[in-house]
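Trainee: The following block contains the structure, expressed as structure tokens.
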Amino acid sequence: MLGLFPKFLNVGKQESDVAYNYRKHVQDEYEFIYILSGCVEYTCNDEKFVVEADDMYLIQPGQKHKETSLKEPLEFIYVKFFLYNYRGARMDTFLKEPALQKFEKPGRNLREKFIKIFEEMQYQELGFKQIVENCISEILIDVMRILKMTQTEKESTSSVNSVIEMIIEDIAINVHKQYFVDEIAQTYGISKSS
């Protein structure tokens, strides 16, 4: 169970054939921005990031941010929402660091969800708000999956690096000893192909 409940506020599409520059500002709500075409430099709490077509990013409540296009034509969809936990309390922080709020090429599936949200809002047929909030929940789940994969990759790299550091330390201490790959693999519990 996700335990997070979005309350949809607004969706829109920004299109610009000329330089786009949105001043630094702060807002009370979350905002997902999915870049359909072009390239944007956005600043979030004084950290700069570049996003291009098929990238997305998240702005959280209270973060100072601004956007400037680097390549036109620029087209993006933005989705604004509040987020509540399972107790009904409003959450103002979903991700701890601005660097975690940028997602490079998160997949076609997410692009389709943003387009679906935009289209649902345009037509506003029966149940559109529930469909939109379900799509936002799906995007949040996708974000958590992406971050989990990223964390798993970092942990795996960290584990490999620590084994390599132990091997290097062992060789440095026993500099005159002759080493064989089979012996190192057995001593450190790794396969020769690792």
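Trainee: Tell me, in nm to one decimal, what length is gained between M91 and K116 on full extension, where the rule is 0.36 nm per residue of separation less the Cα-Cα distance?
Mentor: Result: 6.5 nm gained on full extension.
Trainee: Further, regarding this structure: In nm, what is the difference between 0.36 nm times the number of residues separating Y179 and K24 and their Cα-Cα distance?
Mentor: Between Y179 and K24, full extension yields an extra 49.9 nm.
Trainee: Estimate the FRET efficiency between L147 and C39 by the formula 1/(1 + (r/R0)^6), using the beta-carbon distance for r and 22 Å for R0, to the nearest 0.05.
Mentor: Between L147 and C39 the formula returns 0.40.
Trainee: Which of N109, G62, I131 sits farthest toward the positive end of the charge dipole of the range 61-133, with +1 on the Cβ of Lys and Arg and -1 on the Cβ of Asp and Glu?
Mentor: G62
Trainee: Also: What is the list of residues in the range 8-46 whose amide nitrogen lies under 16 Å from a point 7 angstrom out from the Cα of K64, following Cα to Cβ?
Mentor: 22-28, 42-46
Trainee: Continuing with this model, one more query. Please give the FRET efficiency for L100 paired with E138, using the beta carbon to beta carbon distance and R0 = 22 Å, rounded to the nearest 0.05.
Mentor: 0.70
Since every read-out is calculated from the coordinates, none of them should be taken as a lab result. What you see is a predicted model; the values in this text were computed from it and never measured. Note that we place each Cβ from the backbone using ideal geometry, even for glycine, and neighbour counts take in every protein chain shown.
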